[in-house]
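Remarks on the structure that follows.
The values are calculated or read from the model by the stated rules, or taken from the named source; none is laboratory data. All figures in this text were calculated on a predicted structure; none of them were measured in a lab. Cβ: placed from backbone, ideal geometry, glycine included. Neighbour counts: every protein chain shown.
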Amino acid sequence: MLTHVAYGLAIVLNLFVVYIGLRFLFVPRVAAAGYGVPATETAFLTVKGLRDGSYGLLGLALLAFVGAEAAAWMMLVVALNPLGDTVVVLRNGGQKAVAFGVHFATAIVVLVSSALLFAVS
């Protein structure tokens, strides 16, 4: 049962990150508003979209072709991104609710997913 939960959460998180990446690529202004700080540079939004999409696809590839332990390590490292996003939003005048309710909460969920994957590997 724990294996199903660990893999299921990891798959959902990775698909969500791919979705976020696609939003930043195709509707960058809308995605930026959800990020928590105003974005004026389209290049930044494109980079964020590519970064997020790539991490999501990497996570799915690791789950499919390598296994839980490799995916767990990747997710442990990738949790630094939403933690960093929390700091970016706070340092740039964004809403604390978005910083903690979206970005910090995401980091916690990614860390939980990593721990579950380590537990089943």
Among (1) farther than 25 Å from residue 94 by Cα; (2) touching a residue at least 12 places away in the same chain (Cβ under 8 Å), there is one condition residue 46 misses while meeting the rest; what is its number? (1)
Given the structure, is residue 105 assigned to a helix (DSSP H, G or I) and closer than 15 Å to residue 11 by Cα? no
From the options 77, 66, 30, residue that is over 17 Å from the mean Cα position of the chain (by Cα), closer than 30 Å to residue 4 by Cβ and among the β-branched types (Val, Ile, Thr): 66
Hey, can you tell me all the residues within the range 101-120 that are within 13 Å of residue 34 (Cα to Cα) and free of Cβ contacts under 8 Å to residues at least 24 places away in the same chain? 101
I'm checking my understanding of the structure. Among residues of the range 47-67 that are out of contact with any helix residue (DSSP H, G or I) (no Cβ under 8 Å at 6 or more places or on another chain) and at pLDDT 95 or above, which one is nearest to residue 19 (Cα to Cα)? 61
Can you list the helices (runs of 4 or more DSSP H) found entirely within the range 1-93 that contain at least 2 residues being crowded, with 17+ Cβ neighbours inside 10 Å and in contact with a Pro (Cβ under 8 Å, 6 or more places away or on another chain)? 42-65
